[in-house]
Amino acid sequence: MIPYGRQEILQADIDAVVEVLRSDFLTQGPMVPRFEKTVSDYCGVPHAIAVNSATSALHIACLALDLGPGDWLWTSPITFLASANCGLYCGAKVDFVDIDPRTYNLCPIALESKLQEAERTGRLPKIVVPVHLCGQPCDMPAIRGLATRYGFKIIEDASHAIGGRYLDRPIGNCEFSDITVFSFHPVKIVTSAEGGMALTRDPVLANRLARLRSHGMTRDPAEMTHAPDGPWYYQQIELGYNYRMTELQGALGCSQMQRLDTYVAGRHELARRYDELLAHLPLTLPWQHPDGYSGLHLYVVRLQLNHISRTHREIFEALRAAGIGVNLHYIPLHTQPYYERMGFKAGDYPQAEHYYSEAISLPMYSGLSQAQQDQVVAALSAALNV
Ligand SMILES: *Cc1c(COP(=O)(O)O)cnc(C)c1O
């Protein structure tokens, strides 16, 4: 089976991890800060807080922005569960904004009309989470403009987008957001096995994120309610978690970051080949906004079902049967049973549902050979009966 995504591990990665195993620190040593500095330097942002997953990063990002009961978090329905669940962890309520039919990202026009309505009913969001789907950046200046007007905070879910650029600035530099989150799950662009990171320009937020990552405790006398009892002393200031990343993960992440630009360039080369080889098929290929340089985590095609004699599901199954590990990113969140129980229903977000009825993610990862890519194209052509 050719998977839709997978990691590439080289000897340098293995050596970096083994070196940590032989060192004094398996956790809370020098490698995680080194990984943080590598990513923050890359993105041109002063603060980066590494955690054990992007899900954890989204959770503490919401907490650091004071999301709580009575508040609303809005995101796109076409994303992974974690982009919305982070709001629920904090006791807030979640709502969705339909997608742009060209980029499949949260649509700023739909966002604006939903904000106008929410202002009338007193249900404005405290946080909006734009997700850079497939690595393609959202229309951040438009979303930032609405944030200023309606007073919400922005967490970019850039789990798909490390190594991408927007208006020729690195995604993650937080020019248009309060916090940006990356994922280092093995299917993503670079990996630390499990892992995530929250980036910010704001030193106060950075401090809070670091504290929430580790039980809400501090060793800084300036943050304490009274002078330390002694050199052993620490205080718990708020309720935090153990969301720390291990040194093994930090070392793997550092090693992988050395190849980030090569990886993204390789993904662009694969996408260019797909664009060329699939152009004659009844498919809508990924459209790239000229302001962005996508991280290209995913290559999603949409079936032009009115030109195809088989169903979406039949084509998907035919590809899997041919050994092509296609996937579907994502099932609209509002149609998940857990969200349906909150009152969401099919029909609420027509663009998202239309996308879901046609989308297939083709294999896209560093290490996918041209021969394998040709195999994907042949299987897809056969499945489409052309
Ligand atoms: C992968 C992913 C996450 C969660 O990442 P983890 O590191 O697995 O917790 C969140 N949001 C999006 C859009 C993702 O693709």
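The values are calculated or read from the model by the stated rules, or taken from the named source; none is laboratory data. Source: prediction; values computed, not measured. So basically every Cβ, Gly included, is an ideal-geometry build from the backbone, and we count neighbours across all protein chains shown. The accessibility values were calculated without ligands, DNA or RNA, using every heavy atom of the protein model including side chains. Shrake-Rupley method; radii C 1.70, N 1.55, O 1.52, S 1.80 Å.
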Residues satisfying the stated conditions in the range 113-151, i.e. more than 16 Å from the ligand (Cβ to nearest atom) and of a type in the set (S, T, N, Q): SER113, GLN116, THR121, THR148
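Residue-wise test of (1) touching a Gly at 6+ places or on another chain (Cβ under 9 Å); (2) open to solvent by 70 Å² or more (accessible area, probe 1.4 Å); (3) modelled with pLDDT of 95 or more.
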| position | (1), (2), (3) |
| --- | --- |
| TYR293 | yes, yes, yes |
| ILE324 | no, no, yes |
| MET342 | no, yes, yes |
| GLU353 | yes, no, yes |
| ALA359 | no, no, yes |
| MET364 | yes, no, yes |
Give the residues of the range 98-127 that are in contact (Cβ under 8 Å) with a residue 40 or more places away in the chain and either touching a Ser or Thr at 6+ places or on another chain (Cβ under 7 Å) or among the acidic types (Asp, Glu) (or both), sorted by residue number. ASP98, ILE99, ASP100
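Provide a single number: the residues in the range 13-29 that are more than 26 Å from the chain's Cα centre (by Cα) and exposed (fewer than 15 other Cβ atoms within 10 Å of the Cβ).
Residues that pass the stated criteria total 9.
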Of all the residues that make up the range 366-383, how many are open to solvent by 10 Å² or more (accessible area, probe 1.4 Å) and modelled with pLDDT of 95 or more? 12
Which one of these does ARG22 not meet: (1) under 29 Å from ILE99 (Cα atoms); (2) of a type outside the set (Val, Ile, Thr); (3) free of Cβ contacts under 8 Å to residues at least 24 places away in the same chain? (1)
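Out of THR191, THR180, I need the residue that is outside any strand (DSSP E or B) and β-branched (Val, Ile, Thr). Which one?
After applying the criteria, what remains is THR191.
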Taking the residues in the range 190-211 that are within 14 Å of the ligand (Cβ to nearest atom) and open to solvent by less than 10 Å² (accessible area, probe 1.4 Å) as candidates, determine which candidate is nearest to MET224 (Cα to Cα). ALA198
I need every pair where a residue in the range 297-310 that is free of Cβ contacts under 8 Å to residues at least 12 places away in the same chain and assigned to a loop (DSSP other than H, G, I, E, B) has its Cβ under 9 Å from the Cβ of a residue that is within 16 Å of the ligand (Cβ to nearest atom) and of a type in the set (Phe, Trp, Tyr), sequence separation at least 6 or different chains. none
